[in-house]
Amino acid sequence: MTIMAESRPDLIEGCRLPVLLSNGEEWHMAEILSKKEVGGRNIFYIHYEDFNKRLDEWVSEDRMDIGRMELPRKDTKTPKKEGKAVNGTTSRSSSPDRELVNGSAQKQKALVARKRKTVEEDPDGQPEPLPKIPRQTGSMVAHHDDIVTRMKNIEMIELGRYRIKPWYFSPYPQELTNVRIVYICEFCLKYLKSAKCLERHLMKCLLRHPPGNEIYRKDGVSFFEIDGRKNKTYAQNLCLLAKLFLDHKTLYYDTDPFLFYVLCEHDDKGYHIVGYFSKEKESTEDYNVACILTLPPYQRRGYGKLLIEFSYELSKFEGKTGSPEKPLSDLGLLSYRSYWSQTILDILLNLKPNEAGERPIITINEISEMTSIKKEDVISTLQHLNLINYYKGQYIITMSADQIESHSKAMAKKLITIDPKCLHWQPKDWSKRGKW
């Protein structure tokens, strides 16, 4: 009697199945994005559904519940891979950086044009085509991923004294995707493929701080203003580094229309990059931030709010209200909502009754003028905090004792803040400066 072995479908891209989380405590539905052979066995790159892409990882079959696998839907088109298969893996297409270095001027323009052709999504998740001449931004604009950009391509970076695992894809040159660690000079942000190359580079690198003007210094931190046109190489390297930790960042190489404000800690060895934000030289929508990032080793130490506070301090110097480009990343939204809440609550709690002892009165416009936070963001924050109530024909703001106590605790934990007296900066009218 012949016994037929039960065959199971192959694990291919697009399959969905439960995967055991790295903590070993729970199974979660995931989609297979790619597979490769390592040491004679297959491993799979998977994306956990409803989780942020920074949690995507390579897993082996022993963490998969193959019995509950769902095959790809017939109406779902798997994005085509670029490049030829080598040793069971897919080689990535040449990165934009390599094309910019080796290509002609026409190829460079064509590349930038391709980078700008993204698709924005409406709040309901339905894709809508951009206008025929899309507006270039440096923010985290939602776009449709292809199979290459959905996967992390850099395993580890070394930046100064830190080794950091990237969260997302970044278009570094192809040869860097095959090394275990990419070494980055913390002063000029040049990327190198080995520790020896970095050692030789540091002997020749003259920088000990970001290029540009130091416009703020206090309590061991400094801000530098970098012009994306005058310091193009540094700005491009900064964008490549930032893309490792920002999911939907679209600005890579067309840095001319942007200013970059780099936050550093300084000691006797130099100025060490902590984070940065960028902003357009001319923004018709009054955006005061295009992209914002605190590097992972410095997160949860108050630097995110410090970057946000500094961006609004610049807006105060300009005599404008400002707002970050939308949509914000998940972490960006949390940081901004926290900053807006603390700033607005601080103003409300410090209001004094008038001479007659009546309740203090303040308008939305007055809050906006005092903080440089755009009116729409003030309203959304008050609504998020459930502070606005309609009473006898007018809107009033009411705060509970718990909210006041929570705010007091948050302000007590605030270790670092911007001192406007230490900001030495003169705003420029870029509309009158020709080609920036």
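Determine if the stretch 206-215 includes at least one residue that is surrounded by 21 or more Cβ atoms within 10 Å (Cβ to Cβ), outside the structural domain of residue 54 (by TED's automatic domain parsing) and not in a loop (DSSP other than H, G, I, E, B).
no
What about residue 60, is it modelled with pLDDT of 90 or more, polar (S, T, N, Q) and surrounded by 13 or more Cβ atoms within 10 Å (Cβ to Cβ)?
no
Just name the residue that is surrounded by the fewest Cβ atoms within 10 Å (Cβ to Cβ) out of those in the stretch 260-279 that are over 16 Å from the mean Cα position of the chain (by Cα) and part of a strand (DSSP E or B).
Checked the stretch 260-279; the qualifying residue surrounded by the fewest Cβ atoms within 10 Å (Cβ to Cβ) is 267.
What is the residue count in the stretch 375-397 for residues that are loosely packed, with under 13 Cβ neighbours inside 10 Å and under 17 Å from residue 340 (Cα atoms)?
Count: 4.
Restricting the search to the stretch 412-436, which residues are modelled with pLDDT under 85, in contact with a helix residue (DSSP H, G or I) (Cβ under 8 Å, 6 or more places away or on another chain) and in a helix (DSSP H, G or I)?
None; the set is empty.
Could you please find all residues in the stretch 219-245 being assigned to a loop (DSSP other than H, G, I, E, B) and over 19 Å from residue 190 (Cα atoms)?
219, 220
All but one of (1) closer than 27 Å to residue 426 by Cα; (2) touching a His at 6+ places or on another chain (Cβ under 7 Å); (3) not hydroxyl-bearing (Ser, Thr, Tyr) hold for residue 248; which doesn't?
With (1) closer than 27 Å to residue 426 by Cα; (2) touching a His at 6+ places or on another chain (Cβ under 7 Å); (3) not hydroxyl-bearing (Ser, Thr, Tyr) applied to residue 248, the lone miss is (1).
For the stretch 149-188, enumerate the residues that are part of a loop (DSSP other than H, G, I, E, B), in contact (Cβ under 8 Å) with a residue 24 or more places away in the chain and of a type in the set (S, T, N, Q).
153, 170
Answer yes or no as to whether residue 429 is surrounded by 12 or more Cβ atoms within 10 Å (Cβ to Cβ) and either under 24 Å from residue 314 (Cα atoms) or under 25 Å from the mean Cα position of the chain (by Cα) (or both).
In short, no.
Name, by its number, the condition in (1) touching a Pro at 6+ places or on another chain (Cβ under 6 Å); (2) loosely packed, with under 14 Cβ neighbours inside 10 Å that does not hold for residue 354.
(1)
Checking the condition farther than 24 Å from residue 369 by Cα and among the hydrophobic types (A, V, I, L, M, F, W, C), which residue from 331, 307 passes?
331
Please go through the stretch 312-351 and give me each residue that is part of a loop (DSSP other than H, G, I, E, B) and either in contact (Cβ under 8 Å) with a residue 60 or more places away in the chain or surrounded by 19 or more Cβ atoms within 10 Å (Cβ to Cβ) (or both), ordered by number.
321, 325, 326, 327, 328, 329, listed by residue number.
The values are calculated or read from the model by the stated rules, or taken from the named source; none is laboratory data. These numbers were taken from a predicted model, which means no experiment stands behind them. Methodologically, a virtual Cβ is constructed for each residue, glycine included, from the backbone with ideal geometry; neighbour enumeration extends over all protein chains shown.
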